[in-house]
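Okay, structure first, notes after.
Every read-out reported here was derived from the displayed coordinates using simple, explicitly stated rules and does not represent laboratory data. Here the structure is a predicted model, which means the values were calculated and not measured. For neighbour counting, all protein chains shown are included, and Cβ atoms are generated from backbone atoms with ideal geometry for every residue, glycine included.
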Protein chains: 2
Amino acid sequence: MDLKNFFEPKSIAVIGASRNPRKPGNIILKNLVEMQYSGNIFAVNKKAVEVLGKKSYLSIKDIQGQVDLAIIATPASTVYGLLEECAFRKINDILVISGGFSESGNEKEEERIRDLIKKKKLNVLGPNCLGVFDSYSNLDTIFNPREKMERPKKGGISMVCQSGAVGSVILDLMAKENYGLRRFISYGNASGLDESDFIDYLGKDEKTKVICLYLEGVQDGEKFLETCKKVSKKKPIIAIKSGVSTEGAKAVKHHTGAIAGKSEIYKGVFRQGGILQVNSIEELLDCARIFERSKPVKGNKILVITNGGGLGIIAADQIALHGLELADLSSATKEKLKGKLSPNANLRNPLDLIGDASDESYKAAIESGLEDSNVDMLLVILLPQTPTITINLLKILKNIYEKASKPICLVIPGGSFADTLKREAEDYIPSFSFSTNAVLSLKELVEYHKIIKGQE
Amino acid sequence: MDLKNFFEPKSIAVIGASRNPRKPGNIILKNLVEMQYSGNIFAVNKKAVEVLGKKSYLSIKDIQGQVDLAIIATPASTVYGLLEECAFRKINDILVISGGFSESGNEKEEERIRDLIKKKKLNVLGPNCLGVFDSYSNLDTIFNPREKMERPKKGGISMVCQSGAVGSVILDLMAKENYGLRRFISYGNASGLDESDFIDYLGKDEKTKVICLYLEGVQDGEKFLETCKKVSKKKPIIAIKSGVSTEGAKAVKHHTGAIAGKSEIYKGVFRQGGILQVNSIEELLDCARIFERSKPVKGNKILVITNGGGLGIIAADQIALHGLELADLSSATKEKLKGKLSPNANLRNPLDLIGDASDESYKAAIESGLEDSNVDMLLVILLPQTPTITINLLKILKNIYEKASKPICLVIPGGSFADTLKREAEDYIPSFSFSTNAVLSLKELVEYHKIIKGQE
């Protein structure tokens, strides 16, 4: 199925392009116009002749020429008729933002729409969703104002997200923490296209390096399993399944109208589909960060490098908790490091460079770790508050990471100064605030490489 | 034991007040001078006549008049002699920043110091530590420059922290996230005063509302247990015990020279001592935030209020996971809410005000929840990215929280705009980025009230 028009349409019609700045249709049009989306943009508003400086059409039927994508942001009761108009105009790709269907008890209207979609063979994304954001084409149908919700930079993470609210949080967090996004899709009630259609499409997209899912319920279990089995061989799929508790499952029914299903069944499907299951938004994003740009990993042995002893101990505990191991440094590595580190440094693992560690001691420690065949991955903890660390260290790390053949991840814990460094470091190397988060991601990285190996 | 001189000394001598701006002794003196510590400050440097504009004494013996607290920040080899000089000058309260003792294999020198401390009956904090920060008196011996590490505002959280690195991260995070600190103590190798001495002292301190611990190992288990038993009846004690894995325990030995001990034994001691055990720095801070200002809690039933359905489902899952319950809203509450919320809002729990929720609908929902006797606690999720929420809501929340007799906590997830709101909200009401963190804290709150009740 070709879903290109949902991400890079050459012409878009926004139906329900309101003049009220609080209405979704207004904000969507504003985002497209202000962010200078490169395609043709048509406003459709049956009560206006002009919206946001754009000529407004009374109906989609009045637009001359090609419309690749229609975006509908009008009340639920009008959606059926508008879909019919689109079908009449041979606009096959339609994004329905409008809510007010099965999620608010209006199952009947949703059923009617589903039937029409099937009959007319339409590609419909939604209803009851945020739609899409593509950071490359800049197609942005998210109706949260940009001053309240930033958009992430270009990158390799694609996100398929049933809930619009969860999607908003994820996009906003990704922007704050300097993540790289490829495509974001919020698909809501999935009356037409479902999660599997998008997973399949992203699987073939070269720019997507990792696929993240937030699921409340899956429409077609078999299709989902087959799609994921195929895609996960090529690129990692990480998922949160919410509604795993009885109470949560009840809430799902009243949200996207989906059936949450038994938690155990999902676990089984995820395992068979090669999907990595995580438990929170934080974990999903942490894993996405490391999967986007990680080097391949051979084993489960980690070298921890730190300039704060206590932080090394917490990391060691986390490593043991997740079934990973601390690597034994070879005697050659220890020999190499003598004289390059502070005389009180501990030549063990965690490798404690102690409080007066310098940029150069970090360089020596990381390079030796990369050369040591006992070491599979590096977890580098950097307490930037200490007087002897300078921001030059980031450049050193960048150079090392580019050449490295093993996964490295960085932990920069603390406040505003630490966050600024972390954001900058993230441009070069996956960076975290806590070793708890970093270690969990490394565990998933090891899991994924086991899955790939098992499938070969 | 009166430890007042470690927090509010009328006169301080900084021994090792270096002229090198990267040396701890220099930074400590600078912090005291620049932050205008109200007591007398004496610099001691045997090679200088002036440091940072302060007259420098060649030796502590040369200072005329009273010295309440001596801070030693010189090489390990000089510490013994300096302690002797302090004893001679009848300076009993001494803070030893200097490292280079058992943590780096120099057990012998540490033993010598321990003996001297005992013989001369000195109160020594350290060695190998960051010392103290008191946000009320502004005594600050943390040698991380203020431009790299901010200091938290005044508040009710006191922190007893074995590791200096972990302590730095905690203070820096507390400042970033707008936490209120009373006192911070990093005690390192604990050759003299130990964790129990400080817990006991903080137990009697009126401004301390909650005591947080980061422990690698405890010096005297029996003393620790008796102290905590006594103090936890009056105020909550929350602790991380690191070195719980075999690998972590090994690392502890080479860090603060402590014996990590068996994880199971600690669990038992914590339970008997009424201590709440958490697993990470994040959890410690999350719990501290809610314990500092929480209202008493009667049961385990939570009302979740949200303007994003998916976020409510995640919260419901977390509540079930932690053995808490979703409250059933009374029919009176439902009746009251009709007409006050969006027509599509779900009058269930999670109470989904949906995407177009206004400030007023939040007010109505929270006030009704507080009045409903089925509800013990409120978890209010606020997606501020939506167009219809305004910053006035924070004022509304402040007014409600001041009068509320039940715990409320706020979740404001997202990026920079969300963070700004969260920081501001934190002045009025405990605020979190993720419901995962908020729910865990509510669970600990319920646990604590069970402990208190059990002890009555």
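Computed from point charges on the beta carbon alone (+1 for Lys and Arg, -1 for Asp and Glu), the dipole magnitude for the protein assembly as shown about its Cα centre is near 740 Debye.
Principal semi-axes of the equivalent ellipsoid, √(5λ) from the alpha carbon gyration tensor of chain B, are 47, 24, 17 Å from largest down.
Looking at the square roots a ≥ b ≥ c of the eigenvalues of the Cα gyration tensor of the protein assembly as shown, which shape do they give, rounded for a/c under 1.5, prolate if a/b is larger than b/c, or oblate?
Values: a/c = 2.17, a/b = 1.76, b/c = 1.23.
Judged from the Cα gyration tensor, the protein assembly as shown comes out prolate (a/c at least 1.5, a/b above b/c).
Take the alpha carbon gyration tensor of the stretch B:314-449, find the square roots of its eigenvalues, order them as a ≥ b ≥ c, and report rounded if a/c is under 1.5; if not, report prolate when a/b exceeds b/c, else oblate. Kindly include the intermediate steps, with their values, before the conclusion.
On the way: a/c = 1.39, a/b = 1.02, b/c = 1.37.
Rounded, since a/c falls under 1.5.
For the stretch B:1-103, calculate the relative contact order in percent as a whole number, restricting contacts to Cα pairs under 8 Å that are 6 or more residues apart.
Answer for the stretch B:1-103 is 28 percent.
Helical runs (DSSP H, four residues minimum) scored at -39500 (n - 2.57) apiece and divided by the length of chain A put the mean residue ellipticity at 222 nm at -12000 deg cm²/dmol.
Once backbone amide H atoms are built at 1.01 Å from N, A:Asn40 has A:Ser11, A:Ile12 as its partners under 5 Å, excluding neighbours fewer than 5 places away on the same chain.
Shape call for the stretch B:129-263 from the C-alpha gyration tensor, a ≥ b ≥ c root eigenvalues: rounded (a/c under 1.5), prolate (a/b greater than b/c) or oblate? The shape class here is oblate. One Cα centroid belongs to the stretch B:190-244, the other to the stretch A:198-217; the line between them spans 49 Å. The phi-based Karplus calculation (6.51 cos²θ - 1.76 cosθ + 1.60; θ = phi - 60°) puts the 3J(HN,Hα) values of the stretch A:318-330 at 5, 4, 5, 4, 8, x, 9, 10, 7, 5, 7, 5, 5 Hz, whole numbers, x for Gly and Pro.
Among A:Ser245, A:Ser441, the order by Cβ neighbours within 10 angstrom, fewest to most, reads A:Ser245, A:Ser441. Toward the positive end of the charge dipole of the stretch A:149-293, with +1 on the Cβ of Lys and Arg and -1 on the Cβ of Asp and Glu, the farthest Cα among A:Thr246, A:Gly164, A:Phe198 is that of A:Phe198.
The charge dipole of chain B, taken about its Cα centre with unit charges on the Cβ atoms of Lys, Arg (+1), Asp and Glu (-1) only, comes to about 980 debye. Close amide H partners of B:Val51, meaning residues 5 or more places away or on another chain with modelled amide H under 5 Å apart, are B:Ser56.
Remark on A:Gly261: its backbone amide H falls under 5 Å from none of the residues 5 or more positions apart or on other chains, H modelled at 1.01 Å from N. This ranking places A:Leu171, B:Leu324 by how few other beta-carbon atoms lie within 10 Å of each, fewest first, which gives B:Leu324, A:Leu171. Put the Cα centre of the stretch B:285-301 next to the Cα centre of the stretch B:61-137 and the gap is 38 Å. Over the stretch B:149-293, Cα pairs under 8 Å with separation of 6+ residues give a relative contact order of 25 percent.
Considering the zone a paramagnetic label at B:Met1 would reach in this model (a point 7 Å from Cα along the Cα-to-Cβ line), which residues of the stretch B:178-200 have amide N under 20 Å from it? Under cut-off, by backbone N: B:183-200. When each of A:Asp220, A:Asp352, B:Asp197 is scored by the number of other beta-carbon atoms lying within 10 Å, the sequence from fewest to most is A:Asp220, B:Asp197, A:Asp352. Counted by Cβ distance under 13 Å from A:Thr420, the other residues give a net charge of -3, where Lys and Arg count +1 and Asp and Glu count -1. Can you compute the label reach from B:Glu264? Point 7 Å from Cα along the Cβ direction, backbone N cut-off under 11 Å, restricted to the stretch B:190-228. Once the point is set 7 Å along Cα→Cβ of B:Glu264, nothing inside the stretch B:190-228 turns out to lie under 11 Å by backbone N.
Note down the net charge around A:Asp93, summing +1 for each Lys or Arg and -1 for each Asp or Glu among other residues with Cβ under 13 Å from its Cβ. Don't jump to the answer; show the numbers that get you there.
Numbers: positive: A:Lys4, A:Lys10, A:Arg89, A:Lys90, A:Lys120, A:Lys121; negative: A:Asp2, A:Glu8, A:Asp68, A:Asp197.
Net local charge, A:Asp93 excluded: +2.
Measuring nothing but how far apart in sequence close Cα pairs (under 8 Å, 6+ apart) lie, relative to its length, the stretch B:140-189 scores a relative contact order of 47 percent. If a spin label sat at a point 7 angstrom from the Cα of A:Glu8 along the line to its beta carbon, the backbone N atoms of the stretch A:156-193 nearer than 20 Å would be those of A:156-160, A:180-186. The Cβ shell under 12 Å around B:Ile314 holds other residues with a net charge of -4, Lys and Arg each +1, Asp and Glu each -1.
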